[in-house]
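Visitor: So that we are looking at the same thing, I have put the structure below in structure tokens.
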Amino acid sequence: MRPAHIALAALVAAVWGVNFVVIEIGLDHFPPLLFSALRFLVAALPAVFLVGRPKVAWKWIVAVGLALGVAKFGLLFTGMDLGAPAGLSSLVLQVQAVFTALFAFAALGERPGRLTVLGMGVALAGIGVAAVDEGTSGPVTGFVLVIAAAACWGVSNVLTRRAAPPDPLNWMVWVSTVPVLPLLALSLLLEGPERDLAALRALDWTGAGVILYVAWVTTVFGFGAWGWLLRRHPASSVAPFSLLVPVFGMSSAALFLGEGVSPPRWAAAALLVGGVALTSLAPKSPKSPEPPKSPADATDSADATNSADAVVPADATDATALARSPQAPKSLVREAPAPVSSGGPAREERPA
């Protein structure tokens, strides 16, 4: 990669890492579910009128919109609102790679290799250390909700692999249209119209800036830049930069929010990042293909030949997997390296 492209990849990781600090600030201005709804509303408008028509079936857009937008971000924002620290959340959320591997095995028949299984064990050990540390120093409920958000992210990764969208930015913008109404309905039901109206009436420049950052900077710019890099470089060259996200997340939380990082948390970070690297970047064992029963099944089977358990940035879906998709544009396929097995090297999915 050129130095300018390396700098861009690092910048995107920094944007996604700092995003957790921005979310923490935003939660002082908005209820979590309303905050998430506003984030997707601003990300979708006016971009939805500029990216063209959807390039995949609506069933995939709706499915990922619900899994990623409603479930993952709803749980993440609520968990952080209940006290999960921003830095720790940026770290724990990376366990999505383990969930992705498990769900890909269950839904797509992709068997993880020994190195992947080892990585999953190391990452789960890191989660255990973080859980013990958080259980003695902070609220457990928020921590559990962040882990649940990571599981929902894993579901969206597998769905994205099945959808195989050819244009990452077009895909993300259209996915952003789905969560708005469900999140608004949940906010009215669970957070109450009085609280929502009070937050909107009290909107100031800080609150507006937070919404613009999480919508346009982390989603539109971050996802667009990540997809641009994947069009020009192999997935195996771009995906490792996403491991910098928790580094930027924890360091920015310590710098701007004064969050302390205890020795057990550093140990958890080392175990989790190392385990995610092993899980995501190790070659995968081939799966046993099943004969398709229909043309639609044949397409789904082809979409699933590459592994979905990617190193996924904290604010993106399976962007790297798109570069290796059978339905991707030729410019994407040409840039991707030949797989060492039918699973190929692991690649990236999302994004708060």
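The values are calculated or read from the model by the stated rules, or taken from the named source; none is laboratory data. Predicted model, so just to flag it, every value in this text is computed and none were measured. No Cβ is skipped: glycine too gets one built from the backbone with ideal geometry, and neighbour counts run over all protein chains shown. Keep in mind that these areas ignore ligands, DNA and RNA; they rest on the heavy atoms of the full protein, side chains included. Shrake-Rupley method; radii C 1.70, N 1.55, O 1.52, S 1.80 Å.
Visitor: Can you tell me which residue in the range 98-124 is nearest to Leu186 (Cα to Cα), limited to those that are within 15 Å of the chain's Cα centre (by Cα) and open to solvent by less than 10 Å² (accessible area, probe 1.4 Å)?
Guide: Thr100
Visitor: Considering only residues that are part of a loop (DSSP other than H, G, I, E, B) and not hydrophobic (A, V, I, L, M, F, W, C), which ones fall in the range 21-48?
Guide: Within the range 21-48, Asp28, His29, Pro31, Pro46 qualify.
Visitor: Turning to a different aspect of this structure: Mind checking which helices (runs of 4 or more DSSP H) fall wholly inside the range 156-248 and carry at least 2 residues that are small (Gly, Ala, Ser)?
Guide: Where helices (runs of 4 or more DSSP H) fall fully within the range 156-248 and carry at least 2 residues being small (Gly, Ala, Ser), they are 193-201, 205-212, 222-230, 235-238.
Visitor: Something else: Restricting attention to the range 15-42, and to residues there that are modelled with pLDDT of 95 or more and of a type in the set (Gly, Ala, Ser), which single residue is nearest to Gln94 (Cα to Cα)?
Guide: Of everything passing the filter in the range 15-42, Ser36 is nearest to Gln94 (Cα to Cα).
Visitor: Name the one entry in Leu229, Leu190, Leu183 that is among the hydrophobic types (A, V, I, L, M, F, W, C) and open to solvent by 40 Å² or more (accessible area, probe 1.4 Å).
Guide: Leu190
Visitor: Under 7 Å by Cβ, and 6 or more places apart or on different chains, what pairs join a residue from the range 221-233 that is closer than 15 Å to Ala4 by Cα with one that is at pLDDT 85 or above and open to solvent by less than 20 Å² (accessible area, probe 1.4 Å)?
Guide: Note: pairs meeting the criteria are Ala225/Val12; Trp226/Val12; Leu229/Ala9.
Visitor: Hey, another quick one. Tell me yes or no: at least one residue of the range 86-108 is in a loop (DSSP other than H, G, I, E, B) and in contact with a helix residue (DSSP H, G or I) (Cβ under 7 Å, 6 or more places away or on another chain).
Guide: The answer is no; no qualifying residue exists.
Visitor: Thr206 - would you say it is touching a helix residue (DSSP H, G or I) at 6+ places or on another chain (Cβ under 9 Å) and surrounded by fewer than 24 Cβ atoms within 10 Å (Cβ to Cβ)?
Guide: Here the answer is yes, as Thr206 does meet what is asked.
Visitor: Return yes when Val261 is of a type outside the set (S, T, N, Q) and buried (at least 19 other Cβ atoms within 10 Å of the Cβ) and no when it is not.
Guide: For Val261, the condition - of a type outside the set (S, T, N, Q) and buried (at least 19 other Cβ atoms within 10 Å of the Cβ) - is not met.
Visitor: Also, I was wondering about something else. Could you list, in sequence order, all residues of the range 75-97 that are surrounded by fewer than 24 Cβ atoms within 10 Å (Cβ to Cβ) and not hydrophobic (A, V, I, L, M, F, W, C)?
Guide: Within the range 75-97, Asp81, Gly83 qualify.
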